[in-house]
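The structure under discussion appears below in the form of structure tokens.
The values are calculated or read from the model by the stated rules, or taken from the named source; none is laboratory data. Keep in mind that what you see is a predicted model, and the values were worked out from it rather than measured. Cβ placement follows ideal geometry from the backbone for every residue including glycine, while neighbour counts extend to all protein chains displayed. For the accessible areas, the whole protein counts, side chains as well, though only heavy atoms, and no ligand, DNA or RNA atoms are used. Shrake-Rupley method; radii C 1.70, N 1.55, O 1.52, S 1.80 Å.
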Amino acid sequence: MNIEEVKETFEFMDEWEDRYRYIIDLGRRLPEFDPGDQTEENRVHGCTSKVWLVYERDGDKIIFKGDSDAHIVKGLVAIILMIFSGKTPSEIVKTDAKAILEELGLSQHLSPMRTNGLFAMVERIKAIGTSFL
Amino acid sequence: MAESGGVIMGNVTHNYNVEAIRSEFPIFEQKIYGKPLTFLDSAASAQKPQKVIDAINDCYANEYSNIHRGGYFLSQALTAKYEAARETVRDHIGAKSSKEIIFVRGATEAINLVAQSWGRKFLKGGDEIILSQMEHHSNIVPWQILREEKDIILTVSPIDDKGNFLLNEYEKLLSEKTKLVAITHVSNALGTITPIREIIKLAHNAGARVLVDGCQALPHGNVNVVDLDADFYVFSGHKMYGPTGVGILYGKQELLDVMPPYQGGGDMIRSVTFEKTTFNNLPHKFEAGTPHIAGGIGFAAAIEYMCAIGLDNIHRHEKKLLDYALEKVKEVDGFELRGQADDMAGIISFTMKAAHPHDIGTILDQDGIAIRTGHHCAQPIMDFMDIPATARASFGLYNTKEDIDRFVAGLHKVNRIFA
């Protein structure tokens, strides 16, 4: 599944309930996150829900994996990972996650507020990308 | 309207016309995602009635100048109004003298002031401060900062699984080493009303002073600081339908008199030379710099607004809403009430089996329902209950039975979506 498919699916959904159900489903379909990686070090700090992020290099690309203890946030994590994972550092730095989420009508989840860790997650992904430039 | 089993059958009880009250709050005129605003987060900050907005507006539009300084008409008139606001606060909490009413930015600053002024002067290594398990961070961290400097001991008074304050356990912690008990009147995270009168009496018997965090108590009813015999009592304007950025430190005059100033600046001095400065009298000794003038005046307007409705009426109305809500949530599968103390204010703290508090808050938001999710700036109580967060619905004087019906319908929807 890639971000274009998510956009197409969203276009068919008029009701916000259906969109959230879909986001929750994306979270449930994320590959299992190693519980051993749910460490303080890998935690991206938000106020309400916990978000974890790990990465590995694959040639010139960076593969990200993530998880959250809240369903909707986990679905949003899945969307963020679709946007960034498997890209090169320079692609990561250039990608505008906010614009993509805006297209999906989800940009309110990426405000620099303390209600969830997504904003901090994108910041960290960008920092990791920058560190490999 | 008829009542049945303590449950409100309509929105008018005991001459409490909540629809008329709601119409005085402009914020309820708007729709959120096309739906009526169901505001259930007054414990974080309450909405403002037109009377408060008008008082602030009037201050800036027609009355404004600096106070305590100018000899001209506007300054004198506004000084009188600001000091009248202080008097309104004094009268509201039954303090003996307006010298005991210090305007601060909020309860957080009030506690920091006491820690940094009274604490630094009168506490020494080995002295103990007793806090409760359910304190807000603002009544924990200022004492920890003081501990770094003074090597004092912070002791935590326990609660039971339901959130009741354990008076017997507390009594055992008191000793001649106890110099201060710093405790909440009503828990923001659980809604528990603490037995504050007994807590204060026992502390005084042990020779300790008591600071009460009254942030969640004053929005819901009457508090008399002399009757309680509190040494310090702190609260914020914005939770009482007043503006943000203004709050009160009440302190007994005998204590405030011997406390050194907290901040230096204008307004708090009598005379300044480079060799020596003498400080102003109470309350100005603790009010350095130009104060939040419109804030103080707006706060007094909010107190007058609450009193015009009647504190007992507000209390009764909110109690009925709470009872009604507690009945209704029983129908919600997987609903777990966190905080079931015998005596509770208008706060429902909860979790659900089907979803994380953050998920609950997100789904309710889509229906225009505002609740708080998180640790409520009270992480120690979350750790005690072994949960990362709760969802919290809290009631104010403008909430209705329909608000609760929409809230409960939202919880059923959460169950459907996450099933």
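Here are a few things to note about the model shown:
- Selection status of B:ASN224, in contact (Cβ under 8 Å) with a residue 60 or more places away in the chain, surrounded by fewer than 14 Cβ atoms within 10 Å (Cβ to Cβ) and within 30 Å of B:HIS317 (Cα to Cα): yes
- Helices (runs of 4 or more DSSP H) contained in segment A:38-133 and holding at least 2 residues under 27 Å from B:GLY374 (Cβ atoms) and modelled with pLDDT of 90 or more: A:71-84, A:118-131
- Any hit, segment B:127-136, residues being closer than 20 Å to B:ILE200 by Cα and part of a helix (DSSP H, G or I): no
- Residues of segment B:167-181 that turn out to be open to solvent by less than 60 Å² (accessible area, probe 1.4 Å) and assigned to a helix (DSSP H, G or I), as a count: 3
- Counting only residues that are open to solvent by 10 Å² or more (accessible area, probe 1.4 Å) and at pLDDT below 95, segment B:182-202 holds 1 of them.
- Test: residue in segment B:249-267 that is crowded, with 20+ Cβ neighbours inside 10 Å and within 30 Å of B:TYR16 (Cα to Cα): no
- Residues of segment B:363-403 classified as within 23 Å of B:HIS136 (Cβ to Cβ) and either in the same structural domain as B:ASP160 (by TED's automatic domain parsing) or charged (D, E, K, R) (or both), total: 4
- The numbered conditions (1) at positive phi; (2) touching a strand residue (DSSP E or B) at 6+ places or on another chain (Cβ under 7 Å) are all true for A:LEU53 except (1).
- Across segment B:386-397, the qualifying residues are those that are surrounded by 23 or more Cβ atoms within 10 Å (Cβ to Cβ) and not in a strand (DSSP E or B), and the one among them that is nearest to the other protein chains (Cβ to nearest Cβ) is B:ALA389.
- Odd one out for B:GLY346 among (1) within 14 Å of another protein chain (Cβ to nearest Cβ); (2) of a type outside the set (Lys, Arg); (3) open to solvent by less than 10 Å² (accessible area, probe 1.4 Å): (1)
- Residue match in segment B:51-66 (condition: assigned to a loop (DSSP other than H, G, I, E, B), surrounded by 13 or more Cβ atoms within 10 Å (Cβ to Cβ) and among the acidic types (Asp, Glu)): no
- The numbered conditions (1) away from every other protein chain (no Cβ under 14 Å); (2) under 26 Å from B:GLY361 (Cα atoms); (3) open to solvent by less than 10 Å² (accessible area, probe 1.4 Å) are all true for A:GLU103 except (3).
- Candidates B:LEU113, B:LEU40, B:LEU123, B:LEU74, filtered to the one that is buried (at least 21 other Cβ atoms within 10 Å of the Cβ) and either free of Cβ contacts under 8 Å to residues at least 12 places away in the same chain or more than 30 Å from B:LYS177 (Cβ to Cβ) (or both): B:LEU40
- Applying the set (1) more than 24 Å from B:ARG392 (Cα to Cα); (2) outside any loop (DSSP other than H, G, I, E, B); (3) open to solvent by less than 40 Å² (accessible area, probe 1.4 Å) to B:PHE28 leaves exactly one unmet item: (1).
- Selection of segment B:398-419 for residues being open to solvent by 50 Å² or more (accessible area, probe 1.4 Å) and in a loop (DSSP other than H, G, I, E, B) yields only B:ALA419.
- Of all positions in segment B:389-400, at least one carries a residue that is of a type in the set (Gly, Ala, Ser), within 30 Å of A:ILE23 (Cα to Cα), modelled with pLDDT of 95 or more and out of contact with any helix residue (DSSP H, G or I) (no Cβ under 8 Å at 6 or more places or on another chain).
- For the criterion of being open to solvent by 20 Å² or more (accessible area, probe 1.4 Å), away from chain B (no Cβ under 11 Å) and either touching a helix residue (DSSP H, G or I) at 6+ places or on another chain (Cβ under 6 Å) or under 18 Å from A:LEU118 (Cβ atoms) (or both), A:LEU30 passes.
- Of the residues making up segment B:353-385, those that are closer than 22 Å to B:LYS31 by Cβ, more than 11 Å from chain A (Cβ to nearest Cβ) and open to solvent by 10 Å² or more (accessible area, probe 1.4 Å) are B:ALA370, B:ILE371.
- Residues in segment B:80-105 that are surrounded by fewer than 21 Cβ atoms within 10 Å (Cβ to Cβ) and not in a helix (DSSP H, G or I): 4 in all.
- Some residue of segment B:8-16 being at pLDDT 95 or above and either buried (at least 17 other Cβ atoms within 10 Å of the Cβ) or more than 17 Å from B:ALA308 (Cα to Cα) (or both): no
- A single entry from B:ASP383, B:ASP323, B:ASP342 fulfils the requirement of being modelled with pLDDT under 95, over 21 Å from the mean Cα position of the chain (by Cα) and over 27 Å from B:TYR33 (Cα atoms): B:ASP383.
- Residue match in segment B:400-412 (condition: among the polar types (S, T, N, Q) and within 14 Å of chain A (Cβ to nearest Cβ)): no
- Checked against (1) free of Cβ contacts under 8 Å to residues at least 40 places away in the same chain; (2) away from every other protein chain (no Cβ under 14 Å), A:ARG57 meets all criteria but (1).
- Look at (1) of a type in the set (D, E, K, R); (2) open to solvent by 80 Å² or more (accessible area, probe 1.4 Å); (3) more than 14 Å from chain B (Cβ to nearest Cβ) and you find that A:ASP14 fails only one, number (3).
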